[in-house]
Amino acid sequence: MAEASKLILDYVYAHVAQHPDRVYLTQPIGNGRVTDYTWREVLDQASRMATHLRSRGFEPGARIALLSKNTAHFFMAELAIWMAGHTTVAIFPTETAQTVGYVLDHSEASLLFVGKLDTWPDQKPGVPESMPCIALPLAPANDFETWDDIVGRTEPMAQHPARAADDLAMILYTSGSTGTPKGVMSTFEAITRAGEIANAHVRREVGPDETSRMLSYLPLSHTFERTWVEASSLVDGNMHVFFAESLDTFLADLQRARPTLFISVPRLWLKFQQGVFAKMPPEKLDRLLKIPLLGRIVARKIRAGLGLDHVKMAGSGSAPMPPNLIEWYRRIGLPLYEGYAMSEDNSISHSSDARHNEVGRVGVPMPGVQVRIAEDGEILIKSPARFKGYYKRPDLDAESFTEDGFFRTGDLGEIDAKGLLKITGRAKELFKTAKGKYVAPAPIENRINAHPMVELSMVSGVGHPAPYGIVVLAEELRPRLGQPGVRDQVHRELEALFVEVNEPSADWEILQMLVVAAEPWTIENGCLTPTMKIKRRGIEALVAPNVEAWYAAQSRIVWE
């Protein structure tokens with residue numbers, strides 16, 4: 001790892017000095033066209049915008065907000081904010097007007113960069129009329145002053161400004177799966193150490209000097225992408241970051257990037273697999289993969305079809321991943337490893353790799369990370385990338401740390417003899433049935449999610465005699481339910497799944513029923529967070545009027 005005195009902007013300045021014409025960012029601009037930005041061009045645009053931000057007379061450390069999907073200019077805007085002496089507040093690009101307004105108000109943002117968005121007309125009411133705004137390239141139609149106009153008329157900064165290690169670099173507002181978003185404060189020291197550790201981890205797998213390619217598409221407003229793609233590439237200097245244009249062009253974007261490093265979340269890994277199964281039934285694919293020579297050819301074609309045939313390291317985080325899904329990817333030759341972290345440690349906690357991995361576990365502590373399990377099973381973490389505290393919430397700071405400085409994660413886990421961590425549940429997700437017993441939903445959900453027909457699931461049942469599970473069927477399966485015999489076949493398979501899921505459960509954990517959700521869970525209907533975790537409160541509120549009728553039906557499988 002690099003010397004502790006070097007911070008993230010120092011790395012950027014060094015990359016520009018050493019290889020100014022190396023392409024760093026590739027941005028799709030529509031109709032299959034892209035624009036490449038070299039390190040020199042990235043710093044030049046950021047430096048000109050930093051001059052403009054300074055000219056506006058904001059106080060040092062002023063919070064400057066970013067509302068945008070992932071683009072090259074997200075990176076440039078963040079660098080400009082940092083160079084101008086300010087702090088970034090990135091807002092999830094799928095947030096409602098209410099949440100946009102809350103974050104802008106709570107952070108006391110002085111200015112908002114508006115970038116590439118899908119639902120800007122719905123979000124705009126959350127932006128105060130008095131809020132100064134600048135439109136990034138690819139932003140929806142608006143009346144704001146544009147990035148290009150400002151950069152075109154403004155001189156770059158005469159000198160490269162430095163930031164202090166304890167200066168506030170960013171406030172990461174959580175995605176709100178447990179209520180009002182909290183502002184996680186990260187210093188330049190923390191985000192630099194995060195970028196260094198993530199980069200060193202990647203380099204061990206892809207090689208020390210090879211140009212690594214990444215596709216940036218998970219929200220940059222979330223710590224996972226911010227550390228493992230943006231901060232890691234800013235530290236490295238030899239990574240080429242591509243951006244996705246849209247959901248419709250995602251496969252083409254992947255084919256263009258041919259990433260050597262690819263990170264995703266369990267829901268998307270599952271959707272990729274289900275896309276493969278839609279073209280070839282899993283039973284047939286399984287038979288082909290068992291044939292020695294043909295199996296390797298088939299596996300390679302699958303990886304190429306997904307655009308992942310150059311991947312040397314693939315990662316999954318943000319939520320638990322069914323063990324059989326990890327095993328399936330490894331069978332097709334994709335080295336997929338699971339990790340575990342959170343916003344409060346800038347996604348630097350635990351990770352698997354070629355040396356330390358076991359399906360069902362999230363790896364070993366990353367360099368410098370200390371971990372212990374409390375008496376009640378809670379995982380306690382002390383990370384070099386630890387956050388500074390919650391913005392304007394000293395009360396939460398006091399609750400969040402032990403006396404010796406370990407962060408209380410709220411997750412439950414155990415460490416095996418090899419030092420590998422297993423997540424066994426989340427303390428706040430435990431619920432009590434009418435029998436007075438606590439149920440941990442995550443392990444049961446993992447068993448449900450392992451079935452190829454299931455896209456997502458949730459286990460609940462607070463105060464009822466037994467818990468229940470609710471499932472969202474796979475996207476490719478839902479349109480076929482009206483075809484003759486399909487629904488009956490799905491019903492039979494769900495009955496078999498019901499028995500399979502309940503078999504290893506303790507008496508008080510046995511599900512009374514599986515409910516088939518009538519509609520998919522989405523960010524828009526309040527059932528998923530922007531990082532595609534299930535929002536338990538949102539789903540429970542949505543189904544509350546129907547729960548008593550489900551229990552009264554006395555059926556193993558209930559169709560909502």
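The values are calculated or read from the model by the stated rules, or taken from the named source; none is laboratory data. From a predicted model like this one, the values you see are computed outputs, not experimental measurements. Cβ: placed from backbone, ideal geometry, glycine included. Neighbour counts: every protein chain shown. Accessible surface is based on the protein model in full, side chains and every heavy atom, while ligands, DNA and RNA are left aside. Shrake-Rupley method; radii C 1.70, N 1.55, O 1.52, S 1.80 Å.
Things worth noting here:
- Filter result (among the hydrophobic types (A, V, I, L, M, F, W, C), in contact (Cβ under 8 Å) with a residue 60 or more places away in the chain and not in a loop (DSSP other than H, G, I, E, B)) within region 418-434: 421, 423
- Criterion: farther than 21 Å from residue 424 by Cα, in a helix (DSSP H, G or I) and open to solvent by less than 70 Å² (accessible area, probe 1.4 Å) - qualifying residue of 464, 491: 491
- Entry remark, region 83-94: residues being in a helix (DSSP H, G or I) and on the phi > 0 side of the Ramachandran plot number 0 in total.
- Qualifying residues in region 118-146 (those that are in a loop (DSSP other than H, G, I, E, B) and small (Gly, Ala, Ser)) - the one nearest to residue 103 (Cα to Cα): 130
- Single match in 29, 8, 64 (criterion: over 30 Å from residue 249 (Cα atoms) and touching a strand residue (DSSP E or B) at 6+ places or on another chain (Cβ under 6 Å)): 64
- Selected residue (only one of 499, 472, 486 is open to solvent by less than 30 Å² (accessible area, probe 1.4 Å) and either in contact (Cβ under 8 Å) with a residue 24 or more places away in the chain or closer than 24 Å to residue 431 by Cα (or both)): 472
- Single match in 21, 44, 10, 105 (criterion: outside any helix (DSSP H, G or I) and either modelled with pLDDT under 95 or open to solvent by 50 Å² or more (accessible area, probe 1.4 Å) (or both)): 21
- Residue 551 touching a helix residue (DSSP H, G or I) at 6+ places or on another chain (Cβ under 8 Å) and either open to solvent by less than 50 Å² (accessible area, probe 1.4 Å) or of a type in the set (D, E, K, R) (or both): no
- Verdict on residue 62 being under 25 Å from residue 171 (Cα atoms), among the aliphatic types (A, V, I, L, M), surrounded by 24 or more Cβ atoms within 10 Å (Cβ to Cβ) and at pLDDT 95 or above: no
- Among the conditions (1) surrounded by fewer than 20 Cβ atoms within 10 Å (Cβ to Cβ); (2) out of contact with any His (no Cβ under 7 Å at 6 or more places or on another chain), residue 258 misses just one, which is (2).
- From the options 479, 452, 443, residue that is outside any helix (DSSP H, G or I) and either at pLDDT below 90 or small (Gly, Ala, Ser) (or both): 452
- Among residues of region 278-318, those that are surrounded by fewer than 17 Cβ atoms within 10 Å (Cβ to Cβ), under 24 Å from residue 447 (Cα atoms) and aliphatic (A, V, I, L, M), counted: 2
- Residues satisfying the stated conditions in region 47-82, i.e. assigned to a helix (DSSP H, G or I) and either over 16 Å from residue 112 (Cα atoms) or of a type in the set (S, T, N, Q) (or both): 47, 48, 51, 55, 72
- A single member of 26, 35, 51 is crowded, with 16+ Cβ neighbours inside 10 Å, within 28 Å of residue 247 (Cα to Cα) and among the hydroxyl-bearing types (Ser, Thr, Tyr), and it is 26.
Quick grid of which residues meet (1) in a strand (DSSP E or B); (2) touching an Asp or Glu at 6+ places or on another chain (Cβ under 6 Å); (3) surrounded by fewer than 24 Cβ atoms within 10 Å (Cβ to Cβ):
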residue	(1), (2), (3)
161	no, no, yes
171	yes, no, no
191	no, no, no
203	no, no, yes
218	no, yes, yes
227	no, no, no
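- Residue selection: residue 180 satisfies the criterion of being among the polar types (S, T, N, Q), closer than 30 Å to residue 62 by Cβ, modelled with pLDDT under 95 and open to solvent by 20 Å² or more (accessible area, probe 1.4 Å).
- Scanning region 243-255 for residues that are under 17 Å from the mean Cα position of the chain (by Cα) and crowded, with 18+ Cβ neighbours inside 10 Å returns 243, 244.
- Scanning region 505-527 for residues that are out of contact with any Asp or Glu (no Cβ under 7 Å at 6 or more places or on another chain), crowded, with 17+ Cβ neighbours inside 10 Å and in contact (Cβ under 8 Å) with a residue 24 or more places away in the chain, we see that the one that is farthest from residue 432 (Cα to Cα) is 523.
- Complete set of residues in region 342-364 that are out of contact with any strand residue (DSSP E or B) (no Cβ under 6 Å at 6 or more places or on another chain), on the phi < 0 side of the Ramachandran plot and open to solvent by 20 Å² or more (accessible area, probe 1.4 Å): 342, 354, 355, 358, 359, 364
- For region 90-135, a residue qualifies if it is over 25 Å from the mean Cα position of the chain (by Cα) and among the polar types (S, T, N, Q), and the qualifying residues are 110, 130.
- Hey, residue 71 under 17 Å from residue 222 (Cα atoms), open to solvent by 30 Å² or more (accessible area, probe 1.4 Å), within 24 Å of the chain's Cα centre (by Cα) and in contact (Cβ under 8 Å) with a residue 24 or more places away in the chain or not: no
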